[in-house]
Structures are given as C-alpha cells and as structure tokens.
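Encoded as structure tokens, the structure appears first; notes follow it.
The values are calculated or read from the model by the stated rules, or taken from the named source; none is laboratory data. Since we're looking at a predicted model, the values are computed, not measured. Every residue, glycine among them, receives a Cβ derived from its backbone with ideal geometry; neighbour counts consider all protein chains shown. For accessibility, only protein heavy atoms count, side chains too; no ligands or nucleic acids. Shrake-Rupley method; radii C 1.70, N 1.55, O 1.52, S 1.80 Å.
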Amino acid sequence: MARQADFRTSPNPMVGAVVLDRDGHLAGEGYHKARGQAHAEEAALREAGDRARGGTVYVSLEPCTHTHREPSCANALIEAGVRRVVISMTDPDHRVRGAGVNALQQAGVATIVGVYQDRAERLNEFYVKHRLTGRPFVTAKFAMSLDGKIATRTGESRWITGDEARRHGHRLRHEHDAILVGINTVMADDPELTARQDGAGLRQPLRVVLDSQLRIRQSAKVVGPNTLIATTKPGRVGLAEVVKLPATETGRVSLPALLDELGKRDILSVLVEGGGEIHAAMFAESLVDKVHAYVAPRLIGGRQAPGPLGGEGFAKLDQATRLTNLDMVRLGDDILLTGYVDVHGDR
C-alpha cells in the first residue's frame, strides 16, 4: 500500500495501513497519497468503519501524535477501538520518535514494533536520512562504458546507454526531490534536467546547478522556474533562484553547506548526475549514500576519455569508497548496478 504513493508524498513519508476486523478479515486499507491528504491510518479506518473495533491494524510507520492532524493518527486508532496495532518502524521525526507507540500502549492497545523493519526503512530511506541528519539522501548516478568511460576523448556522451536505461534514469528523476549537476555539464550539454516518460505523469525535481563563479548563460535550457543556482557570488539569472553559499579554500561552493540549505527547504533526496568533478567532490567528502551505475557493452578507450569520477582520486586501494548491498538488473543491452556506500568500511 505504501509503495502506491510513488514518492509523491515528499516531504512526508510513504505509509500504508491495513485494518483486519476482529475475525481477521480485511476491513479496510489505505495509503498516504500526497502532502495535505489523509494519512494512511485515516484512509484505512474510514474504509473499515465500525468493523475496526476490536480488530488489528498493520501500518508501515509509527502513527503520528502531533497536532497537524485532528485527531492525530494514534488518537484516531484509539478512538476507533482497535485491539492491536502492528508497526514496521518507529518514526524518526523528532515530533514522534516513540510517542505514537507510547500513546497506544497507554490507552491499552497492544502494539508490536519492528515487523519487516528493514523493508520499511528502505522504502523511506530518503525520509529517514533527512529526519535524522537534516540533510537530503544523496544518490550518485552515472552511465559509463564497460571500460569506465562517460564520454569519448572529444566529449561525446550521447548516448552511451540504450533507451531502456535512459527511461530508468528519468524514473530516478521522478523519485528524487532534486537533481544536481555542475556548470561544466550545463555548458557542454545544455540539458533540461526534467523527468520525461511517455504516458506517465512524473514529478519534476528541483534543478540545482553548482556554479561557483556564476558563469551560466541566460539562454541555458535549465534556467527558469524550479531551478536553483548555487554560487559563491551574488547575482541574478533569469527566472532561476540564485543562492549565495560559503566557498571552500579553492573557491568552490561548499557541498555540505549546499546540502544543509536543501535540507532546510524540505528536500529529502538529491540525484547527482555529474559531471565527474562533482561526483568526485561528493565522494571525497563522504556525502554520497547510494550509487546507480549504468554500464553499457561498449569499449571507448583513450587516456583522455573521462571516467565517472574526476579529481585526484585516492592514492591507495584501501582508501577507495566501498559499496555494499549490491544489486544488478538488466536494462535492454545495459546493466544497472546499484549499491550503498559502506559507511563502516576502511574509510
């Protein structure tokens, strides 16, 4: 049920709920569809009606207790007279964090917490990261040849991967609240940075451009509403929003400061699409949480052909970023490798 929200609830989590009557038969179900709409428990209880009394509710996230809902989801469950509530995970939001479970228990409702907790945390990994750290979840995404090149030595990069992989990439844009690229990518490719897919109403992420010296052209396709240009210099660029942020010793935009700014704006997730220097800087500062690497069955070669990570790189193998929980899927002729940055590794 929660998955049906399809990332449209941000900055709220995706939550599903199911109500069984006292005889164990399905009485109601629901999910949180979008910010401002009914929470999952509300929708499920509304469908169940009087059959919820004495029954069991299964919910993927701890019921809320704060007063933005009247009654709160925890109180709604109590008022409905349910006998038991099974919860996958507690809510990391500081306004809840166990308060929902405590309210249910104080009212005499039996509670079980932690059923399929790993699945619930994975489903809402963007929300969990934001609520615990104040920063968005960062996904690095790149497409490369089998020999690790993201373009030829002349800079040609369209298209390394096939149609199916590119459609998946647009799907990733839909799932994330923001998409981040560097000014060199904008100047070289002039991308729109929008989510596009035939026959599907996709979310459009906030387009973020790292441009420390404010070199972007007014005519760039990305300049317009729903665009934020992160820079170290004051200025104006068309209808885009320009945000001046602290600079590093080398004069570049501070990436931690940028993530802090996005987090304050309730951006739960950022998809970093490059180029190689941005990816390298993100990894160097341990700011990446997850990687999506599309690998095409091509061999490009060339010492001057760039790879997905620029910068200086690591001098020793035991310093290299390690990925864990690897997954692999075939997309047409291409392969998508997905993994999480191993925060417990040698680095």
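Somewhere in region 100-117, is a residue part of a helix (DSSP H, G or I) and closer than 26 Å to Ser269 by Cα? First the steps, then the outcome.
Going residue by residue through region 100-117, those that are part of a helix (DSSP H, G or I) are 100-106, 117.
Imposing the further condition that a residue be closer than 26 Å to Ser269 by Cα reduces the set to 100, 117.
Looking through region 100-117, at least one residue is part of a helix (DSSP H, G or I) and closer than 26 Å to Ser269 by Cα.
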Kindly establish whether Ile335 is touching a Pro at 6+ places or on another chain (Cβ under 9 Å), at pLDDT 95 or above and farther than 26 Å from Leu210 by Cα.
-> yes
Inspect region 193-200 for any residue being in contact (Cβ under 8 Å) with a residue 60 or more places away in the chain, assigned to a loop (DSSP other than H, G, I, E, B) and either under 23 Å from Val138 (Cα atoms) or not acidic (Asp, Glu) (or both) and give the result as yes or no.
-> yes
Taking region 284-338 and keeping residues within 20 Å of Arg166 (Cα to Cα) and charged (D, E, K, R) leaves Lys290, Arg298, Asp327, Arg330, Asp333, Asp334
Only residues that are out of contact with any Gly (no Cβ under 6 Å at 6 or more places or on another chain), crowded, with 17+ Cβ neighbours inside 10 Å and farther than 24 Å from Thr133 by Cβ: list them for region 239-268, please.
-> Ala240
Taking region 276-299 only, how many residues are open to solvent by less than 20 Å² (accessible area, probe 1.4 Å), assigned to a loop (DSSP other than H, G, I, E, B) and within 22 Å of Ala195 (Cβ to Cβ)?
-> 1
Please list, ordered by first then second residue, the pairs with beta carbon atoms under 6 Å, 6 or more apart or interchain, first in region 257-286 and in contact (Cβ under 8 Å) with a residue 12 or more places away in the chain, second among the charged types (D, E, K, R).
-> Leu259/Arg135; Gly263/Arg135; Ile267/Asp177; Leu268/Asp177; Ser269/Asp177; Leu271/Lys141; Glu273/Lys141
Among residues belonging to region 118-166 that are part of a helix (DSSP H, G or I) and closer than 23 Å to Gly276 by Cβ, point out the one that is most open to solvent (accessible area, probe 1.4 Å).
-> Arg166
